[in-house]
Amino acid sequence: MQVRDVMSTNVQSCSVNDDLKTAASIMQSSDIGSLPIVENNQVVGMVTDRDMVIRGLTNGTANDTVRNIMTNHVVTIAPTASLEEAGQVMSQNQIRRLPVVENGNLVGMLSLGDLAVREQANLNAGEALTQISKNDLH
């Protein structure tokens, strides 16, 4: 089974010039905790609700732009990658969400929960979550 078989395709995103309030509104209305930052349909960053609190509110204002708080180094995966590979990437990089990129363009998002939905992926998701959670405790 491939990433494309379980990824979400209705992906919300924002641009580097959006302010934090706009990003927060998108997250709230979509009930999500992270957004890919996209320019010309290419992922240039990620921002999480935690980034907004830790980097945004403590260091800036709600009028600050996403560019100032986003993570620039974004790990992505191809839609043709196996679910096992996705679980390994998530575990190795301690991340719960992966933008899915094809030919440089954002085509979906894969979450740890997406992996867990598929019976054969439960072990991959479980292992990734175990590894991520171990490091959350430190």
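The values are calculated or read from the model by the stated rules, or taken from the named source; none is laboratory data. Treat the numbers as computed from the prediction; the structure is a model and nothing was measured. All Cβ positions, even for glycine, are placed from backbone atoms using ideal geometry, and neighbour counts span all protein chains on display.
At least 1 residues that are more than 20 Å from residue 42 (Cα to Cα) and modelled with pLDDT under 90 in each: list the helices (runs of 4 or more DSSP H) lying fully within the stretch 55-138 that qualify. Where helices (runs of 4 or more DSSP H) fall fully within the stretch 55-138 and carry at least 1 residues being more than 20 Å from residue 42 (Cα to Cα) and modelled with pLDDT under 90, they are 112-117, 122-136.
If I filter the stretch 66-81 for residues that are out of contact with any Lys or Arg (no Cβ under 8 Å at 6 or more places or on another chain), surrounded by fewer than 19 Cβ atoms within 10 Å (Cβ to Cβ) and farther than 18 Å from residue 99 by Cα, do I get at least one hit? Checked the stretch 66-81: no residue is out of contact with any Lys or Arg (no Cβ under 8 Å at 6 or more places or on another chain), surrounded by fewer than 19 Cβ atoms within 10 Å (Cβ to Cβ) and farther than 18 Å from residue 99 by Cα.
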